[in-house]
Amino acid sequence: MLNRPESSLVDHMEYYIKPEQQETDFLKINSPDELKICDPACGSGHMLVYAFDLLYAIYEEEGYNPSEIPEMILTHNLFGIEIDKRTGELAGSALTMKARGKDRRFFKKHVQPNICMLENVAFENGELNDYINAVGSSLFSNAHKATLLQFTEAELVKLRKKIDELVKYDELLQHKADQLIEINLDDGVVENYKKFEGLVGKI
């Protein structure tokens with residue numbers, strides 16, 4: 001609003017807080033495509049979808065072609081970061097459908113929302129120490145190192161949990177086998193097959 005004080009958009013911004021004093025030090029924006037909004041933990045995209053509506057109104061007020069606005073918003077303005085792939089995909093889908101609601105031909109443009117899914121981080125032995133030596137310990141403290149190592153530790157915790165689950169599952173199978181399978185050679189193949197079939201059903 002500081003770049004366009006005469007704009008009427010403020011009437012549609014429910015949570016806008018007007019400055020108490022006149023601002024002189026602010027970022028100068030010449031066109032809407034210079035606006036960048038990034039949600040570093042976007043989840044399924046609620047904040048980005050809200051921002052889409054506001055950006056669309058800004059582009060409209062500036063006189064842009066309505067059919068070009070959705071593509072410009074997803075290309076230049078909105079960015080999201082998410083650690084869960086499925087949740088990030090939901091955010092991308094929400095923005096895509098929002099754009100489709102404004103432009104019936106949007107799907108034909110093959111525009112992808114700027115949603116970045118973070119991948120697992122792992123560090124080789126000595127890798128962090130080499131980096132610290134390169135940039136200097138004054139810029140890269142032990143606190144920074146501990147923070148980065150948390151990512152690796154988190155993956156180890158997940159792996160240990162998965163191993164524990166597999167061990168428990170193996171013990172359960174063994175217990176079921178001891179209880180339900182007593183092979184009697186006199187029963188013949190048919191009878192033993194029925195016993196195995198019942199076990200598989202319970203598993």
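The values are calculated or read from the model by the stated rules, or taken from the named source; none is laboratory data. This structure is a prediction, so every number in the text was calculated from the model and none was measured. Here Cβ is always computed from backbone atoms with ideal geometry, including for glycine, and neighbour counts include all displayed protein chains. The area values use the complete protein model at the heavy-atom level, side chains included, leaving out ligands, DNA and RNA. Shrake-Rupley method; radii C 1.70, N 1.55, O 1.52, S 1.80 Å.
For this structure, a couple of remarks:
- Evaluating GLY88 against the criteria (1) under 15 Å from the mean Cα position of the chain (by Cα); (2) under 15 Å from PRO113 (Cβ atoms); (3) surrounded by fewer than 17 Cβ atoms within 10 Å (Cβ to Cβ) leaves one unmet condition, (3).
- Subset of segment 15-49 (residues that are among the acidic types (Asp, Glu) and in a loop (DSSP other than H, G, I, E, B)): GLU20, GLU23, ASP25
- Verdict on SER93 being open to solvent by 30 Å² or more (accessible area, probe 1.4 Å), of a type in the set (S, T, N, Q) and not in a helix (DSSP H, G or I): no
- Filtered by the rule that a residue be surrounded by 15 or more Cβ atoms within 10 Å (Cβ to Cβ) and either touching a strand residue (DSSP E or B) at 6+ places or on another chain (Cβ under 7 Å) or without any contact (Cβ under 8 Å) to a residue 12 or more places away in the chain (or both), segment 39-59 gives ASP39, CYS42, GLY43, GLY45, MET47, LEU48, ALA51, PHE52.
- Scoring PHE79 on the criteria (1) in a helix (DSSP H, G or I); (2) hydrophobic (A, V, I, L, M, F, W, C); (3) over 20 Å from ARG104 (Cα atoms) leaves a single failure, condition (1).
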